Structure formats: C-alpha cells, structure tokens
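Input: a single structure, listed below in structure tokens.
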C-alpha cells in the first residue's frame, strides 16, 4: 500500500497541568518569550498498540506545546519503517518500531540509529505483550506439542528469529520439527480457523481479540519474556543519528514529548483506551479487551531495561542474525548525544 502522508499540527490546548506540566517543562526548553517556534519533524508510524504514546501526544497537544510540527509517514511494514529512518527519509519513529529489525539495521550500518524508548511486556508486572494461540480444541498445551506441526508468526527476520529460538529452547529442532509460516497480524485468527497453521505466535491485541472472539485459546502468555528476558521489549522508539547530530535541540524536545506521553499512558491507560480506535485497528467495542502494554520512555530506562535489550541482542547473535553485539553497543541514546 502506498504510504499515507499525514501532517499533524495540533491546536493549542492548555492540558499540561500539575506534575505532567512540570515533567514536560523540565524535559523541554521552552521557546523564547514572544516567539512561536515551529520545527518540522518527520515521524514514521505504524498503527500499533505500542504506538499509543504518539497518539496521546498528538491528542493532548504535546507536540504543539514543544513547538514541533510533525509530518507523519504512515507505513505498512516494519522493515520499511526501519529502512526509512536508516535512509534519512524520516527523523524518528513513533513507539512500536521493531527492536529486532532496528538492531539488525544498526549492525549492518553502525551509527545510523538511536533507541529512545522501549515497549513490550513483563511477566512480573502482569503486562501482556504476546502469546501462543491455537484452536480451542487443538491438542497443543506447550511449545513441545508443536513437533510435526505448523507455527505462524509475524513477517520478518526479527520474529522469525524469536520463533526459532523459542522452538529450540523447547527441545525441538527448528529446521526439522516445525514448519514456520509468516503471517501479517490481521491474518492470525483467520489462518488458525482455515487450518493454514495449527498455532500462532502472535502479539497484542491480536491474541486477546482472537480468544475473545472464540476462534482461539491462549496456550501460553508472554513467550518472549519467558524465553529471552523479563521484561521483554519487542518495540522501540527510534531516532536517526543524523537527526540527533544535526538538530540535537529539536531531537531533545521530541524525546521529551514522547517521554511525557509515555508517562501519561503508564499512569492511566484506561483514560486513553478510546484512542485505540484511531491508533490501532481495534474497534470501539473491543477496546476494553486490550491489555495494557509495558512502556518505558527514555528518561525512565534503567539497568533492567538495558539488560533486557542486551539479552535480545545476544539472542540475535546466537541465532546468527547479527554478527556481533559490539556493533550495536552505541544504539541506546545517551544524554551526551545531544551535545552540539
């Protein structure tokens, strides 16, 4: 599908009060008195659950408050989104870009990307991000039960690698024991019902909607966190290194906006559920079924989050998708990256 270009220039709103306003003010340098700064930023976006902070920032007028005019490139594939940033056609991504594909791209072209936020799930915090689903009557209760069966997963090298890693950890040979089928998320439930595949490693909200609709049963929850690291972040917020290097002050304001929006969603996910109908493919009647994702803004990234990302990198190295973790060591944004 041809990319849809949307220009977002939110109207001014006085919604930043109390702690939220203080947090944003601390993160973002305000325009000088009497001036109206409008710095244009091109942002690549896919309508995903993990991109909700972007939709909140747009609705709550945070981009406008920070003096940013955001031109949105709506894309249909994660590979295209990451490539768009690497090629310099976009300055940044909304939350929800593929962590795996970003890592692979950074490994192939070191110094092209910066990671400024993480999105995923956590077993310890009961934040569900992914799951294994199968038909309700299927004799599948564990990954080991997939021997001789077919497993669907999202397209691309990232999810292919994750699926093979999980199967290997379950004691099966991914080259002999399981047939893998790449499927777009909107085809997961249909593929189960038609018999195209016998199980699917899927993401939210697809998992919850398939289960609620009666098509599937939830066999396992948060497989990535179980198999790789808890928490596990399949999504990331990205900046092009060129953008950070050439316009550090603008990049800093953008990161501050997404951090504030992330904080708002984490603090009151239910308040922003109605946005799911415009930010994802979820219908209004289904919004209440969607579990809260685990979202981390750049300013809140801690040691556990860095460890989780590194564990994913090492998985990509083990599965021979990335040659060396050293090639991605500088991808996580540092405060010093904003130095002019």
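Bear in mind these aren't lab numbers, they're just calculated from the coordinates by the rules spelled out. Just so you know, these numbers come straight off a predicted model, no measurement behind them. Note: ideal-geometry Cβ built from the backbone for every residue, glycine included; neighbour counts use all protein chains shown.
Using a Gaussian network for the chain with springs between C-alpha atoms less than 10 Å apart, which of these wobbles most: 62, 115, 125?
Of 62, 115, 125, the most mobile in the Gaussian network model is 125.
If you build a Gaussian network model of the chain, linking Cα atoms that sit under 10 Å apart, which residue out of 174, 139, 248 swings the most?
139
Can you give me the relative contact order of the stretch 130-221 as a percent, contacts being Cα pairs under 8 Å and 6 or more apart?
Taking the mean separation of contacting Cα pairs over the length of the stretch 130-221, I get 49 percent.
Quick check on packing: order 202-215, 178-191 by the mean number of other C-beta atoms within 10 Å, highest mean leading. Could you put the intermediate results ahead of the total?
Details: 202-215: 19.9, 178-191: 17.1.
Listed from highest to lowest mean packing, they are 202-215, 178-191.
Which residues does a label at residue 319 reach in the stretch 139-173, if reach means a backbone N under 15 Å from a point 7 Å past the Cα toward the Cβ?
151-173
Would you mind ranking 244, 82 so that the residue whose beta carbon has the fewest other beta carbons within 10 Å leads the list?
244, 82
Would you please state the base-10 log of I(q)/I(0) at q = 0.18, 0.19 1/Å for the stretch 130-221, with intensities from the Debye formula using one equal scatterer on every alpha carbon?
These q points yield log10 I(q)/I(0) values of -0.68, -0.77.
Helix-only estimate, please: 222 nm mean residue ellipticity of the chain, summing -39500 (n - 2.57) across DSSP H runs of length 4 or more and dividing by its residues, to the nearest 500.
-10000 deg cm²/dmol
Here are some values of volume of the Cα convex hull per residue in Å³: [x] 152; [y] 129; [z] 244. Which one was computed from this structure?
Given [x] 152; [y] 129; [z] 244, the calculated one carries the label [y].
Normalising by the residue count of the chain, find the relative contact order in percent from Cα pairs under 8 Å and 6+ residues apart.
Dividing the mean separation by the residue count of the chain yields 26 percent.
What ranking do 250-260, 313-323 get when scored by the average of other Cβ atoms within 10 Å per residue, highest first?
Those peptides, ordered most packed to least, come out 250-260, 313-323.
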